[in-house]
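Here's the structure we're looking at; comments come further down.
The values are calculated or read from the model by the stated rules, or taken from the named source; none is laboratory data. Just so it is clear, the model here is predicted, and its values are computed rather than measured. In this analysis, Cβ positions are derived from the backbone assuming ideal geometry, glycine residues included, and neighbour counts consider all displayed protein chains. Only protein heavy atoms, including side chains, enter the accessible area calculation; ligands, DNA and RNA are left aside. Shrake-Rupley method; radii C 1.70, N 1.55, O 1.52, S 1.80 Å.
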Amino acid sequence: MNLYLRYFDRETLVHSVDEAIDFLSSIDEIGMNPVLESDIRDYVASDVYYPKRYKIRPRVYFIIIKTEAATMQDFKDKKALRSGGANGESASKERAASPVVLKLNEEREGWYEGTIDFKRVLMVPGTGKFQYRDTRFVAQVKAVSGLDCYNRIVDHLRQRVDDRSQFPSAKGKNFHFRYLGQAR
(Lines give C-alpha, C1' and ligand atoms only; values in the text may rest on other atoms or scores of the structure.)
Protein backbone atom coordinates (compact mmCIF):
# COMPACT_ATOMS: atom_id res chain seq x y z
CA MET A 1 0.00 0.00 0.00
CA ASN A 2 1.40 3.38 -1.02
CA LEU A 3 0.29 6.86 -0.04
CA TYR A 4 -0.30 9.89 -2.24
CA LEU A 5 -0.02 13.22 -0.40
CA ARG A 6 -0.82 16.70 -1.71
CA TYR A 7 -0.66 20.17 -0.22
CA PHE A 8 -1.43 22.82 -2.87
CA ASP A 9 1.16 22.19 -5.64
CA ARG A 10 3.41 19.98 -3.49
CA GLU A 11 2.70 16.31 -3.98
CA THR A 12 4.43 12.98 -3.50
CA LEU A 13 3.87 9.24 -3.62
CA VAL A 14 5.49 7.43 -0.69
CA HIS A 15 5.78 3.79 0.31
CA SER A 16 5.49 4.08 4.10
CA VAL A 17 3.86 6.17 6.79
CA ASP A 18 7.30 7.34 7.98
CA GLU A 19 8.08 8.77 4.53
CA ALA A 20 4.68 10.50 4.57
CA ILE A 21 5.38 12.09 7.95
CA ASP A 22 8.85 13.20 6.77
CA PHE A 23 7.24 14.85 3.72
CA LEU A 24 4.62 16.64 5.83
CA SER A 25 7.25 17.71 8.39
CA SER A 26 9.18 19.43 5.61
CA ILE A 27 6.23 21.80 5.03
CA ASP A 28 6.30 24.54 7.69
CA GLU A 29 2.62 25.60 7.28
CA ILE A 30 1.36 22.13 8.27
CA GLY A 31 2.94 22.20 11.74
CA MET A 32 3.46 18.48 12.30
CA ASN A 33 2.80 17.52 15.93
CA PRO A 34 2.41 14.22 17.85
CA VAL A 35 -1.41 14.31 17.68
CA LEU A 36 -1.42 14.78 13.89
CA GLU A 37 1.26 12.11 13.48
CA SER A 38 -0.76 9.64 15.57
CA ASP A 39 -3.91 10.35 13.55
CA ILE A 40 -2.07 9.80 10.25
CA ARG A 41 -0.65 6.49 11.52
CA ASP A 42 -4.15 5.39 12.62
CA TYR A 43 -5.61 6.28 9.21
CA VAL A 44 -2.90 4.36 7.34
CA ALA A 45 -3.33 1.31 9.60
CA SER A 46 -7.14 1.31 9.21
CA ASP A 47 -9.20 -0.49 6.56
CA VAL A 48 -10.62 2.83 5.32
CA TYR A 49 -9.86 3.51 1.65
CA TYR A 50 -11.51 6.91 1.36
CA PRO A 51 -9.17 9.86 0.91
CA LYS A 52 -8.49 11.69 4.17
CA ARG A 53 -8.13 15.43 4.35
CA TYR A 54 -6.64 17.37 7.23
CA LYS A 55 -7.52 20.97 7.98
CA ILE A 56 -4.59 23.35 8.42
CA ARG A 57 -6.63 26.55 8.75
CA PRO A 58 -9.98 27.71 7.33
CA ARG A 59 -10.34 26.44 3.74
CA VAL A 60 -6.78 25.07 3.66
CA TYR A 61 -6.24 21.30 3.72
CA PHE A 62 -3.79 18.58 2.76
CA ILE A 63 -4.95 15.18 1.57
CA ILE A 64 -3.75 11.59 1.88
CA ILE A 65 -4.95 8.88 -0.50
CA LYS A 66 -4.19 5.18 -0.14
CA THR A 67 -3.25 3.66 -3.49
CA GLU A 68 -1.88 0.52 -5.11
CA ALA A 69 0.02 2.63 -7.67
CA ALA A 70 3.76 1.92 -7.78
CA THR A 71 4.74 5.25 -9.35
CA MET A 72 3.38 8.78 -9.50
CA GLN A 73 2.64 8.31 -13.22
CA ASP A 74 0.59 5.17 -12.50
CA PHE A 75 -1.37 7.12 -9.89
CA LYS A 76 -2.00 10.00 -12.32
CA ASP A 77 -3.09 7.55 -15.04
CA LYS A 78 -5.40 5.81 -12.53
CA LYS A 79 -3.90 2.44 -13.35
CA ALA A 80 -4.09 1.20 -9.75
CA LEU A 81 -7.81 1.42 -9.03
CA ARG A 82 -8.95 -1.03 -6.38
CA SER A 83 -10.57 -4.06 -7.97
CA GLY A 84 -14.32 -4.30 -7.49
CA GLY A 85 -14.90 -8.04 -7.46
CA ALA A 86 -13.58 -11.53 -7.98
CA ASN A 87 -13.32 -10.98 -11.73
CA GLY A 88 -10.98 -8.02 -11.20
CA GLU A 89 -13.34 -5.40 -12.57
CA SER A 90 -12.37 -1.86 -11.72
CA ALA A 91 -14.39 0.15 -9.21
CA SER A 92 -15.52 2.60 -11.90
CA LYS A 93 -17.06 -0.19 -14.01
CA GLU A 94 -18.84 -1.55 -10.96
CA ARG A 95 -20.28 1.87 -10.15
CA ALA A 96 -21.51 2.32 -13.72
CA ALA A 97 -23.60 -0.85 -13.56
CA SER A 98 -24.90 -0.94 -10.00
CA PRO A 99 -27.64 -3.50 -9.24
CA VAL A 100 -30.18 -0.76 -8.42
CA VAL A 101 -29.81 0.83 -11.85
CA LEU A 102 -29.99 -2.55 -13.60
CA LYS A 103 -33.18 -3.47 -11.72
CA LEU A 104 -34.74 -0.06 -12.41
CA ASN A 105 -34.15 -0.30 -16.14
CA GLU A 106 -35.08 -3.97 -16.54
CA GLU A 107 -38.06 -4.02 -18.91
CA ARG A 108 -40.91 -6.22 -17.73
CA GLU A 109 -44.34 -4.97 -18.70
CA GLY A 110 -47.08 -5.37 -16.11
CA TRP A 111 -48.31 -4.08 -12.77
CA TYR A 112 -45.90 -2.58 -10.25
CA GLU A 113 -46.37 -1.42 -6.69
CA GLY A 114 -44.24 1.65 -6.04
CA THR A 115 -43.56 3.28 -2.67
CA ILE A 116 -42.04 6.75 -2.54
CA ASP A 117 -41.09 8.77 0.57
CA PHE A 118 -40.92 12.46 -0.29
CA LYS A 119 -40.92 15.91 1.30
CA ARG A 120 -44.37 17.43 0.83
CA VAL A 121 -44.99 21.14 1.35
CA LEU A 122 -48.06 21.75 3.53
CA MET A 123 -49.53 24.90 5.03
CA VAL A 124 -49.74 25.01 8.83
CA PRO A 125 -53.37 26.10 9.48
CA GLY A 126 -52.73 28.19 12.60
CA THR A 127 -49.86 30.27 11.22
CA GLY A 128 -50.40 30.26 7.46
CA LYS A 129 -46.74 29.32 7.02
CA PHE A 130 -45.51 26.36 5.00
CA GLN A 131 -43.42 23.43 6.16
CA TYR A 132 -41.94 20.26 4.70
CA ARG A 133 -43.52 17.06 5.96
CA ASP A 134 -42.24 13.54 5.28
CA THR A 135 -44.92 11.75 3.29
CA ARG A 136 -45.19 8.17 2.05
CA PHE A 137 -47.18 7.44 -1.10
CA VAL A 138 -47.93 3.93 -2.34
CA ALA A 139 -49.53 3.19 -5.71
CA GLN A 140 -50.10 0.31 -8.07
CA VAL A 141 -49.40 1.32 -11.65
CA LYS A 142 -49.18 -0.30 -15.03
CA ALA A 143 -45.61 0.23 -16.25
CA VAL A 144 -42.82 -1.19 -18.38
CA SER A 145 -40.02 -0.99 -15.78
CA GLY A 146 -39.22 0.16 -12.27
CA LEU A 147 -38.09 3.52 -13.64
CA ASP A 148 -41.33 3.90 -15.60
CA CYS A 149 -43.22 3.12 -12.37
CA TYR A 150 -41.26 5.87 -10.58
CA ASN A 151 -41.89 8.40 -13.38
CA ARG A 152 -45.64 7.68 -13.44
CA ILE A 153 -45.94 8.09 -9.66
CA VAL A 154 -43.95 11.35 -9.63
CA ASP A 155 -45.94 12.75 -12.58
CA HIS A 156 -49.17 11.92 -10.73
CA LEU A 157 -47.95 13.59 -7.53
CA ARG A 158 -46.63 16.72 -9.27
CA GLN A 159 -50.17 17.45 -10.47
CA ARG A 160 -51.59 17.15 -6.95
CA VAL A 161 -49.06 18.60 -4.48
CA ASP A 162 -47.33 21.97 -4.04
CA ASP A 163 -44.59 22.66 -6.63
CA ARG A 164 -42.03 23.11 -3.84
CA SER A 165 -42.37 19.48 -2.75
CA GLN A 166 -39.16 17.48 -3.14
CA PHE A 167 -38.99 14.03 -4.71
CA PRO A 168 -36.11 11.60 -4.16
CA SER A 169 -34.06 9.97 -6.88
CA ALA A 170 -35.37 6.71 -8.27
CA LYS A 171 -31.97 5.18 -7.41
CA GLY A 172 -32.09 6.26 -3.76
CA LYS A 173 -33.35 4.57 -0.63
CA ASN A 174 -36.64 6.50 -0.63
CA PHE A 175 -38.12 4.72 -3.63
CA HIS A 176 -38.98 1.01 -3.70
CA PHE A 177 -40.94 -1.03 -6.17
CA ARG A 178 -41.97 -4.60 -6.77
CA TYR A 179 -43.31 -6.34 -9.79
CA LEU A 180 -46.86 -7.65 -9.22
CA GLY A 181 -47.46 -9.54 -12.44
CA GLN A 182 -48.55 -9.37 -16.05
CA ALA A 183 -51.13 -6.85 -17.17
CA ARG A 184 -54.37 -8.53 -18.28
Report task. With θ set to phi - 60°, apply the Karplus curve 6.51 cos²θ - 1.76 cosθ + 1.60 along the range 43-60 and write out the HN-Hα couplings as whole Hz, x wherever there is a Gly or Pro. Result -> 4, 5, 6, 6, 8, 6, 10, 6, x, 10, 10, 10, 7, 9, 7, x, 6, 10
Query raised in the report: Given R₀ = 30 Å, FRET efficiency for residue 28-residue 68 by Cβ-Cβ distance, to 0.05?
Result: 0.45
Query raised in the report: What's the carbon and sulfur percent of the chain's accessible surface, probe 1.4 angstrom, rounded to a whole number?
Result: 48
Query raised in the report: What are the GluC sites (Glu not before Pro) within the range 1-79 that DSSP puts in a loop, where the Cβ has at most 15 other Cβ atoms within 10 Å?
Result: 68
